[in-house]
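The values are calculated or read from the model by the stated rules, or taken from the named source; none is laboratory data. In this text the structure is predicted, and so the values were computed from the model without any measurement. Because the Cβ atoms are built from the backbone with ideal geometry, glycine has one as well, and the counts that use them run over all protein chains shown.
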Amino acid sequence: MDKMLRGTLTTLGCDDKEIRLFLACYTRGAAGLSELAKTARLRRSTAYIVMRSLIDKGLASEDYKAYDKTFTAIPPDALARALAAKQRRIGRQHLELQDNLGELQALYRTSAIQPKVKTYQSLNGLLSILRDILSTDGEILIWTNQATESKLFNTVQHDQFIEARKASARPARVLAVHNAAGRALQAADAENLRTTKLLPPTVDFSAETYIYGSKVATLDYNQDIIGIITESTQVAAAQRAMFETAWISLG
């Protein structure tokens with residue numbers, strides 16, 4: 001019987017404290033709040049709040065006629081009617097959901113393709129991006145200006161990223177700004193599981209872009225230290241296509 005009542009009250013939206021206080025009220029009959037709180041093993045201040053919630057839900061009532069105010073749980077037939085009313089509301093909601101399923105499916109598909117964007121700041125934030133890059137499988141495509149990268153990441157951090165990438169067998173292809181740092185990067189390709197091509201001398205930028213999995217990460221350290229990860233299959237595919245176009249054009 002207790003299990004059945006608990007199940008009914010749960011269906012009616014009651015939490016554990018409300019169920020305990022209702023059962024105390026249901027089994028004891030009309031009683032004062034202190035007595036009910038003791039039976040339900042609740043503090044009186046908590047029991048007062050919980051009782052107000054039960055009254056608001058129509059599951060209990062208070063009697064002002066007695067010398068000491070008492071509270072009473074609704075009888076079984078009223079509880080059955082409350083459950084039936086709840087089931088009717090659920091039934092109507094189910095029908096409404098079915099009637100609008102087409103629109104809801106379209107909305108769901110639209111939300112599913114919205115890019116997820118996260119922004120990071122400071123050196124620690126950018127190091128978090130590098131860890132995210134290493135957490136996925138597959139080739140990494142990189143646009144870089146090694147001259148500006150070295151302003152933020154020291155040699156140890158730079159080498160740690162490369163070693164971690166090599167350890168996880170993650171090859172990289174790099175399009176680098178044509179400067180001394182870019183040429184040095186290219187010269188070390190063979191030992192670093194990497195292929196680098198230098199961009200035309202007229203091309204210059206400060207930000208680095210990593211294309212990996214379904215994500216695109218952009219890191220800029222020329223003025224503000226900021227990083228952005230965009231997670232979107234469509235965006236990553238577009239960025240990958242632009243990278244491939246530039247890669248092929250460089251021979």
### Checking Trp247 against (1) in contact with a Phe, Trp or Tyr (Cβ under 8 Å, 6 or more places away or on another chain); (2) of a type outside the set (S, T, N, Q); (3) closer than 11 Å to Trp143 by Cβ, the condition it does not meet
(1)
### Task
Might you let me know whether the range 57-65 holds any residue that is at pLDDT 90 or above, within 30 Å of Ala207 (Cα to Cα) and either not in a helix (DSSP H, G or I) or not hydroxyl-bearing (Ser, Thr, Tyr) (or both)?
no
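Step by step: first the residues of the range 112-129, then only those that are part of a helix (DSSP H, G or I) and surrounded by fewer than 19 Cβ atoms within 10 Å (Cβ to Cβ), then the one that is nearest to the chain's Cα centre (by Cα). Which residue is that?
Of the range 112-129, the ones part of a helix (DSSP H, G or I) are 112, 122-129.
Restricting the remaining residues to those that are surrounded by fewer than 19 Cβ atoms within 10 Å (Cβ to Cβ) gives 112, 122-125, 127-128.
Numbers: Ala112: 13, Ser122: 22, Leu123: 23, Asn124: 21, Gly125: 18, Leu127: 20, Ser128: 17 Å.
My answer is Ala112.
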### Summary
Among Thr136, Thr148, the single one that is in contact with a Phe, Trp or Tyr (Cβ under 7 Å, 6 or more places away or on another chain), assigned to a helix (DSSP H, G or I) and either assigned by TED's automatic domain parsing to the domain that holds Glu191 or in contact (Cβ under 8 Å) with a residue 24 or more places away in the chain (or both) is Thr148
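Let me confirm something: among Thr202, Thr245, Thr230, which residue is assigned to a strand (DSSP E or B) and assigned by TED's automatic domain parsing to the domain that holds Asp159?
The unique qualifying residue is Thr230.
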#### Entry: Test: Thr39 is at pLDDT below 90, surrounded by 12 or more Cβ atoms within 10 Å (Cβ to Cβ) and on the phi < 0 side of the Ramachandran plot
no
### Query
Quick one: how many residues across the range 167-189 are without any contact (Cβ under 8 Å) to a residue 60 or more places away in the chain, in contact with a Phe, Trp or Tyr (Cβ under 9 Å, 6 or more places away or on another chain) and either surrounded by fewer than 18 Cβ atoms within 10 Å (Cβ to Cβ) or part of a loop (DSSP other than H, G, I, E, B) (or both)?
2
### Task
Evaluate the range 73-92: report whether one residue or more is in contact with a Cys (Cβ under 8 Å, 6 or more places away or on another chain) and either modelled with pLDDT of 85 or more or surrounded by 12 or more Cβ atoms within 10 Å (Cβ to Cβ) (or both).
yes
### Task
Would you be able to tell me the number of residues in the range 205-227 that are in a strand (DSSP E or B) and of a type in the set (Gly, Ala, Ser)?
2
### Message
Name the single residue that is farthest from Glu35 (Cα to Cα) among those in the range 52-86 being polar (S, T, N, Q) and in contact with a helix residue (DSSP H, G or I) (Cβ under 8 Å, 6 or more places away or on another chain).
### Response
Ser53
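Would you please name the residue that is modelled with the lowest pLDDT, looking only at residues in the range 194-209 that are within 21 Å of Ser232 (Cβ to Cβ) and in contact with a Leu (Cβ under 7 Å, 6 or more places away or on another chain)?
Taking the range 194-209 as the starting set, the residues that turn out to be within 21 Å of Ser232 (Cβ to Cβ) are 207-209.
Filter once more, so that each one left must be in contact with a Leu (Cβ under 7 Å, 6 or more places away or on another chain): 207-208.
Details: Ala207: 87, Glu208: 91.
Looking at residues that are within 21 Å of Ser232 (Cβ to Cβ) and in contact with a Leu (Cβ under 7 Å, 6 or more places away or on another chain), I get Ala207.
Within 22 Å of Met4 (Cβ to Cβ) and assigned to a strand (DSSP E or B): is that true of Thr72 in this structure? If you could, list the steps in order and put the result at the bottom.
Details: within 22 Å of Met4 (Cβ to Cβ): yes; assigned to a strand (DSSP E or B): yes.
Answer is yes for this residue.
Answer with yes or no whether Ala164 is surrounded by 13 or more Cβ atoms within 10 Å (Cβ to Cβ), in contact with a Gly (Cβ under 8 Å, 6 or more places away or on another chain) and under 19 Å from Leu130 (Cβ atoms).
No: the conditions fail for Ala164.
Conditions (1) in contact with a Pro (Cβ under 9 Å, 6 or more places away or on another chain); (2) modelled with pLDDT of 90 or more; (3) among the aromatic types (Phe, Trp, Tyr); (4) within 22 Å of Ala237 (Cα to Cα), marked per residue:
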position: Arg131; (1), (2), (3), (4): no, yes, no, yes
position: Glu139; (1), (2), (3), (4): yes, yes, no, yes
position: His158; (1), (2), (3), (4): no, no, no, no
position: Lys166; (1), (2), (3), (4): no, yes, no, no
position: Ala172; (1), (2), (3), (4): no, yes, no, yes
position: Leu175; (1), (2), (3), (4): no, yes, no, yes
position: Leu185; (1), (2), (3), (4): no, yes, no, no
position: Ala188; (1), (2), (3), (4): no, yes, no, no
position: Asn192; (1), (2), (3), (4): no, yes, no, no
